[in-house]
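The values are calculated or read from the model by the stated rules, or taken from the named source; none is laboratory data. As the structure is a prediction and not an experimental result, all values here were calculated from the model. Cβ placement follows ideal geometry from the backbone for every residue including glycine, while neighbour counts extend to all protein chains displayed. Side chains included, ligands, DNA and RNA excluded: accessible areas come from the protein's heavy atoms. Shrake-Rupley method; radii C 1.70, N 1.55, O 1.52, S 1.80 Å.
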Amino acid sequence: MDFKYGNPTPEIVFDAKNLSGKPIEKIERKIMDLNMIFKDKGASETMDQNQIVYEVDCYFPVENDTEGGLFFGITRIKPGKVGDEYFMTKGHFHSNRDRGEFYWGLEGEGQLLLMDEKRRARTEVIKKGSVHYIPGYIAHRVVNTGDTELSFGACWPSDAGHDYASIEEKGFSIRIVQKNGEQHIIKE
Ligand code: PAN
Ligand code: ZN
């Protein structure tokens with residue numbers, strides 16, 4: 001690594017729309033990848049399976065599983081609903097449960113759902129300028145409750161890993177739905 005003082009070229013640059021610079025890994029999640037997470041399976045099955053729900057641009061400066069390293073990502077969630085439930089990320093615990101993470105809001109507005117292993121859940125409003133510390137042992141998911149794209153940044157340890165299976169199996173204990181034009185939290 002070059003430690004020259006004042007190197008004018010940053011490794012990567014970001015805005016609310018993308019990440020660029022060094023090689024960036026792009027992940028797309030479509031309705032077909034997310035049928036299991038929404039409550040109304042009938043509604044998701046009738047939608048265009050190729051519709052993109054969210055995209056993630058990731059910068060992995062070190063190998064996956066490196067102890068002491070960090071990863072960086074920008075997630076953009078489209079506005080939309082499956083039935084009355086807003087578009088959202090899959091959500092996960094970290095495989096190495098004690099690994100924490102920072103999220104910060106860039107554009108749009110939504111809710112960050114946080115749930116511990118006893119399924120106790122709470123929410124934080126995520127919007128431009130909000131910063132969220134997600135401690136270890138806490139599952140996290142972001143829901144776009146607005147009518148514009150919601151984007152947020154994330155930084156997590158390179159040896160955190162993602163446990164999606166627990167969430168696919170049992171879900172979160174709360175969901176965010178729209179009723180009479182307003183957002184509501186419902187318990188599972
Ligand atoms: C984030 C998430 C990203 C997409 O970078 O991976 O927002 O959400 P899902 O991974 O739940 O599909 C993060 O939390 N990394 O650990
Ligand atoms: Zn995470």
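THR148 meets the stated requirement of being more than 15 Å from ligand 1 (Cβ to nearest atom), of a type in the set (Val, Ile, Thr) and either open to solvent by 10 Å² or more (accessible area, probe 1.4 Å) or not in a strand (DSSP E or B) (or both).
When you check ILE186 against the structure, is it assigned to a strand (DSSP E or B), out of contact with any Ser or Thr (no Cβ under 6 Å at 6 or more places or on another chain) and more than 15 Å from ligand 1 (Cβ to nearest atom), yes or no? Answer is yes for this residue.
Among residues of region 109-123 being open to solvent by 20 Å² or more (accessible area, probe 1.4 Å) and not basic (Lys, Arg), the one that is farthest from ligand 2 (Cβ to nearest atom) is GLU109.
Okay, residues lined up against (1) farther than 20 Å from PHE71 by Cβ; (2) hydrophobic (A, V, I, L, M, F, W, C); (3) surrounded by fewer than 14 Cβ atoms within 10 Å (Cβ to Cβ):
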site	(1), (2), (3)
MET88	yes, yes, no
HIS92	no, no, no
TYR103	no, no, no
VAL125	yes, yes, yes
TRP156	no, yes, no
ILE174	yes, yes, no
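Condition check: among the basic types (Lys, Arg), closer than 23 Å to ILE27 by Cα, more than 16 Å from ligand 2 (Cβ to nearest atom) and more than 15 Å from the chain's Cα centre (by Cα). Does LYS81 satisfy that? When the stated conditions are applied, LYS81 passes them. Within region 88-101, identify whether any single residue is over 27 Å from MET47 (Cα atoms) and among the hydrophobic types (A, V, I, L, M, F, W, C), and answer yes or no. Yes, some residue in region 88-101 is over 27 Å from MET47 (Cα atoms) and among the hydrophobic types (A, V, I, L, M, F, W, C).
Condition check ((1) among the charged types (D, E, K, R); (2) within 29 Å of PHE172 (Cα to Cα)) across all residues:
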{"position": "THR9", "(1), (2)": "no, no"}
{"position": "ASN18", "(1), (2)": "no, yes"}
{"position": "ILE27", "(1), (2)": "no, yes"}
{"position": "LEU34", "(1), (2)": "no, yes"}
{"position": "PHE38", "(1), (2)": "no, yes"}
{"position": "LYS41", "(1), (2)": "yes, yes"}
{"position": "ASN64", "(1), (2)": "no, yes"}
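Within region 152-183, which residues are away from ligand 2 (no atom under 16 Å from the Cβ) and more than 22 Å from LYS118 (Cα to Cα)? Matches in region 152-183: VAL177, GLN178, LYS179, ASN180, GLY181, GLU182, GLN183.
Being over 17 Å from ALA154 (Cα atoms), within 15 Å of ligand 1 (Cβ to nearest atom) and among the hydroxyl-bearing types (Ser, Thr, Tyr) narrows it down to one residue among THR66, THR89; which is it?
Just one listed residue meets the conditions, THR66.
Among the residues of region 151-168, write down those that are farther than 15 Å from ARG99 by Cα and assigned to a strand (DSSP E or B). SER151, PHE152, GLY153 - these are the residues of region 151-168 that are farther than 15 Å from ARG99 by Cα and assigned to a strand (DSSP E or B). Of the candidates GLY68, GLY110, the single residue that is of a type outside the set (A, V, I, L, M, F, W, C), part of a strand (DSSP E or B) and modelled with pLDDT of 95 or more is GLY110. Return the total of residues in region 158-172 being in contact (Cβ under 8 Å) with a residue 60 or more places away in the chain and either closer than 30 Å to PRO61 by Cα or open to solvent by 60 Å² or more (accessible area, probe 1.4 Å) (or both). Within region 158-172, residues that are in contact (Cβ under 8 Å) with a residue 60 or more places away in the chain and either closer than 30 Å to PRO61 by Cα or open to solvent by 60 Å² or more (accessible area, probe 1.4 Å) (or both) number 10.
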